[in-house]
Amino acid sequence: MAKVKFSSKAGLIAATVGSAVGLGNIWRFPAETQANGGGAFLLIYIICMLLLGIPVMLAEFSLGRGTQSDAEGAFKKLKPDTKWNIVGILAITASYLILTFYMVVAGWTFEYMVQSINGNLFAGIENLNKMDASFHNKMEEFICSDISPLISTYVLIAINFFILLAGVQKGIERMSNWMMPVLFFLLLIFAGVSLSLPDSVQGLEYFFKPDFSRITPQIVVNALGQSFFSLSLGMGILITYSSYYPKKTKLTHTALTVSLLDLLVAVLMGIIIFPAVMSFGLEGSQLRGTTLVFVTLPEIFAQMPASQMWAILFFLLLLIAALTSTISVAEVTVAWLQNTFKQTRLKACCIVLFPLFILSALNSLSFGSLSFIKIAGLNIFDLLDTVSTNIMLPMVAMLTCIFIGWFVSPEFLNNQITNKGTTAQRIYPTIAFIIKFIAPVLLLLVLVSAFLDL
Ligand code: PHE
C-alpha cells in the first residue's frame, strides 16, 4: 500500500506548525521570558532556534522523509540489527508520557471555554479588588476536584480519537488547515488590543530591549530547552509528520517556515502579555503557567468591556493550540503501531487513546484525591512533566544528532535537505557541523542542568 501523504504544501505546513504551536508558546514562553530577564532571553531564544533548532529539525525531517517510516522504524531502516531503534522507542515513550498529562491541560482549556460561553467564569465575581483571589479560588477548586476536570479530559480524548481516526489527510490536515489561520487571526486581535493599553510601550521595551548584563549560562540553557520544547523536537513528532511529506517537499524551506511561524506566535504572545504586565502592574508569579491563563488573563478580561467575548476568544485560541499539539503527539504512537505492528488505523487509535482514560485520570486526580502520591516531592503530573520534557526530550534530541551526525552516511542528510544549486546546498556544511558537534554538546549541558535541578 502506498504511504499516505499530506495533500498540499499549505496542509503540511499547517499540520507541522499546529504541532509546534502549543501551550509551550502561549503560557510557557511568556513565563520563561519574565523569569529569565526579558529581552535578553528573547534574543538568546531566537539564536537558539535559528542556530540549533532548525538544524535539529532538519535531522528529524530527514529521518522521517528519508525512511518513510515512524519514529522507531526510521532508526531501524537506517541501521538494522543495531540498538539504535531504542532512541526511537525512547521518543515514542516520551511522547506518550507527555500525552497523558497534556490531555488533562487541554481538557482544562476546554472547560474554561465552556465556562466563558455559559457565563460561569465571571459569575459571582463582583468585587474588583478581590478578583485575583476569586479567580484563583475558582481555578484551585476546579483543578483539585475529581470529577469535572476528568469529564473535560475525556471530551478531549474523544475529540482526538475522531480526528485521528479520520486519518492524516481528512483528519489532521483538514483540521489544521482551518484551525491554524483562526489561531493566527485571534492572536493578531489580542496583540492589537494589548498594544492599545496605556503602558504598552514600556512593556514592549522590556520584551524587545535586551539587557546584556542579565545573560548567564543558565539563561542560555533555559532558552535552548524552551526552543526545543516549542519546536516539538525530540519526541518523534517531526519524524512521524515528515514521513507524510511528499518527495518534492523542500525540507530546509519547510523547517525555516515552521520555525519562523512558531517564533512569531511566541513573539505575539510576548506582545500580548508584556504591555498588559506593565499596564496592570502584574508580577512574575502571575505569569506562571496555569495562573497566567486561568487567573491573570480572566482578571484582565473582567476589567475590559465585552469581557465574556474576550474570554471565549482566548480560550478558543488556547484550545486550538492544545488540540493540534495533542493530535501530533498521539500520531507518533498511532503511526508506530500501524507501521511496526501492522495494525489498522482504527485499532491503532483505540490502543493509543483508550488507555488514556485511565492514565490521564491518574494525572488529573493527582491534583485531587491522588495528591497524596508524591515521588521526589512531585505529584504524578509534575513528575511526568519533568521526566519527559526536561530529561527525555533533550536526551532523544541529542542521540538523534549523534546518530545522524556520526553513524549515518553524510550523503543521506545531504540528499534529503539539499536541492542541487540552491542555497540549501551552500549551507549544508554548516548544518551538518551543527548536528555533528555543536547540538550534542549543548544538549548534553541542558541534560546535566536538568539532572542537577532534580
Ligand atoms: N511544541 C509544543 C508546544 O509548544 C510541544 C508539545 C507538543 C508538547 C505536544 C507537548 C505536546 O506546546
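By its C-alpha gyration tensor, with a ≥ b ≥ c as the square roots of the eigenvalues, how is the stretch 192-239 shaped: rounded for a/c under 1.5, else prolate for a/b larger than b/c, else oblate? Judged from the Cα gyration tensor, the stretch 192-239 comes out oblate (a/c at least 1.5, b/c at or above a/b). Working value for the stretch 336-454: equivalent-ellipsoid semi-axes of 37, 24, 10 Å, each the square root of 5 times a Cα gyration tensor eigenvalue, largest first. Working note: Debye formula, equal point scatterers on the alpha-carbon atoms of the stretch 252-350, no solvent; log10 I(q)/I(0) at q = 0.15, 0.21 Å⁻¹ is -0.80, -1.10. Taking only protein heavy atoms and a 1.4 Å probe, the accessible area of the stretch 46-146 is 59% carbon and sulfur. Per residue, the accessible area of the chain comes to 40 Å², computed with a 1.4 Å probe over protein heavy atoms only.
Estimated from helices alone, the mean residue ellipticity of the chain at 222 nm is -21500 deg cm²/dmol (sum of -39500 (n - 2.57) over DSSP H runs with n ≥ 4, per residue). Whole-percent P(r), the stretch 79-196, all Cα pairs, 10 Å bins from 0: 11, 24, 33, 21, 8, 3, 1. Could you give the alpha-carbon Rg of the chain over 2.2 N^0.38 Å, rounded to two decimals? The reported ratio for this selection is 0.95. The long axis of helix 423-433 is offset from the longest Cα principal axis of the chain by roughly 90 degrees. Per-residue Karplus couplings for the stretch 26-39, computed as 6.51 cos²θ - 1.76 cosθ + 1.60 with θ equal to phi - 60°, are listed in order as 7, 10, 7, 4, x, 5, 5, 4, 5, 6, 10, x, x, x Hz, Gly and Pro entered as x. The per residue volume of the convex hull around the alpha-carbon atoms of the stretch 48-120 is 136 Å³. Classification of the stretch 160-227 by its C-alpha gyration tensor yields an oblate form. The axis ratio a/c (a ≥ b ≥ c) is 1.5 or more, and b/c is at least a/b. Of the trypsin sites (Lys or Arg not before Pro) found in the stretch 1-87, those that fall in a DSSP loop while having at most 16 other beta-carbon atoms within 10 Å are Lys3, Lys83. Summing Cβ point charges (Lys, Arg +1; Asp, Glu -1) relative to the Cα centre of the stretch 11-106 gives a dipole of roughly 160 debye. When the Cα positions of Phe315, Ile272, Pro305 are compared along the charge dipole of the stretch 261-366, Phe315 comes out farthest toward the positive end, with charges on each C-beta of Lys, Arg, Asp and Glu. Overall form of the stretch 294-377: oblate. Here a/c, set by the Cα gyration tensor axes a ≥ b ≥ c, is 1.5 or more, and a/b is not larger than b/c.
The values are calculated or read from the model by the stated rules, or taken from the named source; none is laboratory data. Computed from a predicted structure; not experimentally measured. As a convention, Cβ positions derive from the backbone with ideal geometry for all residues, glycine included, and neighbour counts pool all protein chains shown. The protein model used for the area step is the full one, side chains on, heavy atoms only, and it has no ligands, DNA or RNA in it. Shrake-Rupley method; radii C 1.70, N 1.55, O 1.52, S 1.80 Å.
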